[in-house]
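The structure appears below as structure tokens.
A short reminder: the numbers here are calculations on the coordinates, not readings from a lab. Since the structure is predicted, the reported quantities are computational estimates derived from the model, not experimental observations. Backbone-built Cβ (ideal geometry, glycine too); neighbour counts: all protein chains shown.
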Amino acid sequence: MKHRITRAAALASATMVLSACSSVSLWPFGGDQERDTSRPPAGATTYQCDNSKRFFVRYLDNDAAWVILPDRQFRLNKAASGSSYSNGSDTLEIKGGVATLSDGANVTHANCKAAGG
């Protein structure tokens, strides 16, 4: 017995699969896609910067940092100096408790201090 899938059945199946995908969250720290960015993700440090800017950092095994901005996230590897992290384009430098986040030559977050510290 041959089974034929009609166009209507294929379209209905595709619609169900795609609608299920819309409920999947890629936010690695749980919660909805509509996440609350006013609180840090679990295990992350909040850095409060000049111009009311803020970002979160989750330190990974003392050799990397996961930077979380409102519009993107990325990994930075610890540099040999020990006070900076980089991925070749983005850099996080921490000196004397003050952090600076740069995107290439452009400083995006300046004079950042860990919240509560």
Using Cβ contacts closer than 10 Å as the measure, can you line up Cys49, Cys112 from fewest to most?
Cys49, Cys112
Roughly what % of Cα-Cα distances in the stretch 45-114 sit above 21 Å, to the whole percent?
11
How large is the charge dipole for the stretch 58-109, taken about the Cα centre, if only the Cβ atoms of Lys, Arg (+1) and Asp, Glu (-1) carry charge, to the nearest 20 debye?
80
List the residues whose amide H sits under 5 Å from the amide H of Asp90, counting only those 5 or more places along or on another chain, with H placed 1.01 Å from N in the peptide plane.
Gly104
Fully extended contour minus Cα-Cα distance, from Asn51 to Ala80, at 0.36 nm per residue:
7.4 nm
Using only Cα atoms, locate the centre of the stretch 50-64 and the centre of the stretch 65-112, then give the distance between them in Å, rounded to an integer.
7
